[in-house]
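The values are calculated or read from the model by the stated rules, or taken from the named source; none is laboratory data. Since the model is a prediction, treat every value here as computed from it, not as a measurement. Methodologically, a virtual Cβ is constructed for each residue, glycine included, from the backbone with ideal geometry; neighbour enumeration extends over all protein chains shown.
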């Protein structure tokens, strides 16, 4: 492809027109993909638990075949779509799996609803919208008759949301190593650095021991749990309480709850039905159940949500709870985690001049017969190491527990802004949007960490509202089209020059 800016602009304008012509197809295919319920439920051994992933792979395979693109499977692990030729390969990893829908949706989470010039549904922006953009961008370049000098390779997997990328690892072992990767699970303009990812697991085993304390006014907390997974801000949390004297203790608690909710601008529901928990995971008799209502958000952006677990712990800490391991856990959350997002009370606060601040999300608390587990998701910049973080958190516990890091922990990454591929991505961004490009750091963790050299590129501008992992997740159609055009420009710059 000639290097003159005028020629590049002419070619790109042609590609952009083609993308607009395919708008209805792009939207329709995204809706179909959203309707395939590919919820990631974790990893067992070296296999991801993601129902319907083969159906999602077949959908991509069928779409690629219609477009005349080379497509082939990595059995049970992924689907590969290619265009171009040559030993130099540019990878575009895409994930078809999604997190659980959660509650508070006003539209069906797995229907792909189109309204108000948006496509709604779990995965619309994370990451099924970009998955559709990636393949349509290839298609319009192929239709334009361009002759690529490199191979553009899309790798579709269903293991990203677990944070343990077993399928992607198998795919990469079977494929020729690429020179660079574009990750469409980030933001614009160009993300050349990602914070480290650390799951801290606090395992408490003696919560069933008889609590201490004999005062008449003490309340026993016999269950405390909330959240779905470490990388989501929990929107629900529950506590089962047992009163020594229900007739005299319930009314003061209700009054305290009303005052707390007004002061904190939160909602805590009180349930008195003994059958509130259908699966009866709260063992033993209880008098009331407290249900805290929060706001879900991505775990890398805890400030965008409202942590129901922390809210409920802060309220319970105001009560005269019987002393036990469970009440000690509640106090730890209330005093050392609370609704801080940057680890100040935990003693792990860290700021890097280019990578920003360390963030903390208490995403999940379980309370079962074996004991309690707390799952803290920490995104950290350069300058602090996981062993230091673990040690400082352990020193803050105030109770006996085993503390360990999760299986999916990963160190920070950084690619020089002077890297030629980074420069080309910046040029592609300017070509597609007319905006001034720059490099940035991301708090989230993406497939970029498994490639030798990689950068985040889309789908949202920093000024746009991100709804990943939230109720009513959506992507505006204009954003979807812009993202497809930006990828087409990236393929043009990286694959055809």
Of everything in the stretch 172-186, what is at pLDDT below 95 and farther than 25 Å from residue 76 by Cβ? Give them in sequence order. 179, 186
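Given the residues 353, 386, which is the only one that is at pLDDT 95 or above, more than 30 Å from residue 473 (Cα to Cα) and out of contact with any helix residue (DSSP H, G or I) (no Cβ under 6 Å at 6 or more places or on another chain)?
On the way: 353 fails: at pLDDT 95 or above.
After applying the criteria, what remains is 386.
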The stretch 3-36, residues that are in contact with a helix residue (DSSP H, G or I) (Cβ under 9 Å, 6 or more places away or on another chain) and not in a helix (DSSP H, G or I): 22, 36
Being assigned to a loop (DSSP other than H, G, I, E, B) and within 27 Å of residue 9 (Cβ to Cβ) is the filter here, so list the residues in the stretch 416-455 that pass it. 417, 418, 419, 434, 435, 436, 437, 438
For the stretch 37-46, how many residues are at pLDDT below 90, in contact with a helix residue (DSSP H, G or I) (Cβ under 8 Å, 6 or more places away or on another chain) and part of a strand (DSSP E or B)? 2
The number of residues in the stretch 248-276 that are out of contact with any strand residue (DSSP E or B) (no Cβ under 7 Å at 6 or more places or on another chain) and at pLDDT below 80 is 3
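Might you check whether a residue that is on the phi > 0 side of the Ramachandran plot, surrounded by 22 or more Cβ atoms within 10 Å (Cβ to Cβ) and either at pLDDT below 95 or under 19 Å from the mean Cα position of the chain (by Cα) (or both) occurs anywhere in the stretch 148-171? Talk me through it step by step, then tell me what you get.
First, pick out the residues of the stretch 148-171 that are on the phi > 0 side of the Ramachandran plot: 163.
Right, trim to surrounded by 22 or more Cβ atoms within 10 Å (Cβ to Cβ) and you get 163.
With the extra rule that they be either at pLDDT below 95 or under 19 Å from the mean Cα position of the chain (by Cα) (or both), the set shrinks to 163.
Yes, the conditions are met somewhere in the stretch 148-171.
One line per residue, one yes/no per condition, for (1) in a loop (DSSP other than H, G, I, E, B); (2) closer than 21 Å to residue 361 by Cα; (3) not assigned by TED's automatic domain parsing to the domain that holds residue 400:
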{"position": "124", "(1), (2), (3)": "yes, no, yes"}
{"position": "130", "(1), (2), (3)": "no, no, yes"}
{"position": "136", "(1), (2), (3)": "no, no, yes"}
{"position": "141", "(1), (2), (3)": "no, no, yes"}
{"position": "154", "(1), (2), (3)": "no, no, yes"}
{"position": "168", "(1), (2), (3)": "no, no, yes"}
{"position": "191", "(1), (2), (3)": "no, no, yes"}
{"position": "201", "(1), (2), (3)": "no, yes, no"}
{"position": "206", "(1), (2), (3)": "yes, no, no"}
Based on what the data block shows, is residue 93 buried (at least 24 other Cβ atoms within 10 Å of the Cβ), assigned to a strand (DSSP E or B) and in the same structural domain as residue 456 (by TED's automatic domain parsing)? yes
Subset of the stretch 170-189 [outside any strand (DSSP E or B) and either in the same structural domain as residue 326 (by TED's automatic domain parsing) or out of contact with any helix residue (DSSP H, G or I) (no Cβ under 8 Å at 6 or more places or on another chain) (or both)]: 170, 171, 173, 174, 175, 176, 177, 178
If I filter the stretch 383-390 for residues that are surrounded by 16 or more Cβ atoms within 10 Å (Cβ to Cβ) and part of a strand (DSSP E or B), do I get at least one hit? no
Do you know which of the residues in the stretch 324-357 that are out of contact with any strand residue (DSSP E or B) (no Cβ under 7 Å at 6 or more places or on another chain) and at positive phi is surrounded by the most Cβ atoms within 10 Å (Cβ to Cβ)? 338
Where residues in the stretch 314-342 are in a loop (DSSP other than H, G, I, E, B) and touching a helix residue (DSSP H, G or I) at 6+ places or on another chain (Cβ under 8 Å), which of them is nearest to residue 202 (Cα to Cα)? 338
